[in-house]
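Engineer: If you scroll down you'll find the structure; I have some questions about it.
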Amino acid sequence: MEKRVVGKSGIEISVMGIGGWSYGGGDYWGPQAQEDVDAVAHAALDNGINFFDTAEGYNEGRSEEAVGIALKGRRDEAVIATKISPNNTEPTVLREHCEASLRRLQTDYIDVYIVHWPITEHSVQDAFATMNALKEEGKIRSIGVSNFGVAQLSEALDTGVQIDVNQVCYNLLSRAIEIEILPLCQKNGMGILGYMPLLQGLLTGMYKTAEELPPVHARFRHFRGDREKAGHGEEGAEEEMFAAVEGIRKVAEAEGVPMAQLAIAWTIAKPGITCELVGTRNLSELQENLNVASLSLSAETVAKLDELTDPLLQKLGANADYFLARRTH
Ligand SMILES: NC(=O)c1ccc[n+]([C@@H]2O[C@H](COP(=O)([O-])OP(=O)(O)OC[C@H]3O[C@@H](n4cnc5c(N)ncnc54)[C@H](OP(=O)(O)O)[C@@H]3O)[C@@H](O)[C@H]2O)c1
């Protein structure tokens, strides 16, 4: 499995990472057995995947706990990213949130410590200065942001603190970052951790209409704003999206690979992407996704997939918040 360096940190991670949002189980993803998390973590490490992503906000901390349990005894082989919620980055509380994450993860350092969403309620300068102090103390090895658009990234970079990575939504149907955010990250030596390579299921090819999806997975800006769980208030782009999915299905058939693997392979073939995080719930999903390591998409196939998804990109535009359309660019 190919490895790439996270920004200027010197930390090497695999191009495919394990997304831990479902770990610990909860309302959004339903139950999640610890035995499956353990099996995924061990098989991942055995097959060259060393990067694990979690957050204090995932399942009230249980995702971090699950990652900590799964990596017990193999901590030194793994690179762990966890995320702090923006409202917890105020200097008086940031340190205790970091300590709590360390305890749940059963470790004494976090490799990549990420601010989960843009900070709006207090000083950005003070928050990043405190993150930097934690880095100097060795509690964290590098600093990242997530879902930061151009204005928010510029504000964070202006603090003078080294920020190595931006974790953002990136998949064939969600390419907003290509317009402004990715070029800005590249210019500043920052990497990208892409998330939701399968758009939480759509890019597995399982669904042909929006009605077939669990409502919680049809809440993104691609879908109509009046869908049950949507909170973005936009018209969506369902026609363009399903047209793109049909086109991708044909490319997958022509290449002789499952759509999910093609979708993941496309993300890691794109310049500027350090790693794509795949929500991997069990060993059989991991085994399928490991095939991506041996897939090498030709430049023609990548260009064809770009062309098929371009109308959707044009319709949804440069805003990389596909959840709620908060302004990120
Ligand atoms: N920073 C942020 O704001 C943010 C936001 C979202 C995600 N993330 C991170 O990115 C990670 C990945 O995103 P995600 O989990 O939301 O979405 P995703 O990776 O697009 O989709 C994950 C789901 O796809 C299914 N899946 C995985 N491999 C499959 C395969 N080979 N065949 C068929 N289905 C497969 C699984 O669903 P089932 O088994 O349930 O069918 C899995 O839960 C998260 O876990 C999290 O670490 C970060």
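Engineer: Pairs please, first residue from region 168-179 and farther than 11 Å from GLY272 by Cβ and basic (Lys, Arg), second anywhere and at pLDDT 95 or above and more than 12 Å from the ligand (Cβ to nearest atom), Cβ atoms under 7 Å, 6+ apart in sequence or on different chains.
Structural biologist: So the pair list comes out as ARG175/THR309; ARG175/LEU313.
Engineer: Oh, and also: Restricting to region 27-53, count the residues that are on the phi > 0 side of the Ramachandran plot and in contact (Cβ under 8 Å) with a residue 12 or more places away in the chain.
Structural biologist: Of all residues in region 27-53, those on the phi > 0 side of the Ramachandran plot come to 30, 48.
Okay, now just the ones that are also in contact (Cβ under 8 Å) with a residue 12 or more places away in the chain, so 48.
Qualifying residue count for the region: 1.
Engineer: Something else: Name the single residue that is farthest from the ligand (Cβ to nearest atom) among those in region 44-65 being in a loop (DSSP other than H, G, I, E, B) and surrounded by 24 or more Cβ atoms within 10 Å (Cβ to Cβ). Please lay out each step first, then the result.
Structural biologist: Within region 44-65, the subset in a loop (DSSP other than H, G, I, E, B) is 47-50, 54-57.
If we keep only those that are surrounded by 24 or more Cβ atoms within 10 Å (Cβ to Cβ) too, we end up with 49, 54.
Details: ILE49: 13, THR54: 7 Å.
It comes out as ILE49.
Engineer: Name, by its number, the condition in (1) crowded, with 23+ Cβ neighbours inside 10 Å; (2) not in a loop (DSSP other than H, G, I, E, B) that does not hold for PHE148.
Structural biologist: PHE148 satisfies every listed condition except (2).
Engineer: Identify the residue in region 259-277 that is more than 16 Å from ARG175 (Cβ to Cβ), assigned to a helix (DSSP H, G or I) and aliphatic (A, V, I, L, M) and, among all such residues, is farthest from the chain's Cα centre (by Cα).
Structural biologist: From region 259-277, those more than 16 Å from ARG175 (Cβ to Cβ) are 259-261, 274-275, 277; that's our starting set.
Right, trim to assigned to a helix (DSSP H, G or I) and you get 259-261.
When the remaining residues are screened for being aliphatic (A, V, I, L, M), the result is 259-260.
On the way: MET259: 19, ALA260: 16 Å.
Residue satisfying both the conditions and the ranking: MET259.
Engineer: Please enumerate the residues belonging to region 69-87 that are more than 15 Å from the ligand (Cβ to nearest atom) and assigned to a helix (DSSP H, G or I).
Structural biologist: Matches in region 69-87: ILE69, ARG75, ASP76, GLU77.
Engineer: Of the conditions (1) under 17 Å from the mean Cα position of the chain (by Cα); (2) part of a loop (DSSP other than H, G, I, E, B), ASN166 fails just one. Which one is it?
Structural biologist: Among (1) under 17 Å from the mean Cα position of the chain (by Cα); (2) part of a loop (DSSP other than H, G, I, E, B), the lone unmet condition for ASN166 is (2).
Engineer: Any residue in region 292-301 that is modelled with pLDDT of 95 or more, part of a helix (DSSP H, G or I), within 16 Å of the ligand (Cβ to nearest atom) and crowded, with 20+ Cβ neighbours inside 10 Å?
Structural biologist: Yes, region 292-301 contains at least one residue that is modelled with pLDDT of 95 or more, part of a helix (DSSP H, G or I), within 16 Å of the ligand (Cβ to nearest atom) and crowded, with 20+ Cβ neighbours inside 10 Å.
Engineer: Restricting attention to region 208-242, report how many residues are within 29 Å of CYS275 (Cα to Cα), in contact (Cβ under 8 Å) with a residue 24 or more places away in the chain and part of a loop (DSSP other than H, G, I, E, B).
Structural biologist: Within region 208-242, residues that are within 29 Å of CYS275 (Cα to Cα), in contact (Cβ under 8 Å) with a residue 24 or more places away in the chain and part of a loop (DSSP other than H, G, I, E, B) number 8.
The values are calculated or read from the model by the stated rules, or taken from the named source; none is laboratory data. The shown structure was predicted, so the numbers you read here are calculated from the model rather than taken from an experiment. Neighbour counts are summed over all protein chains in view; Cβ atoms, including those assigned to glycine, are modelled from backbone coordinates with ideal geometry.
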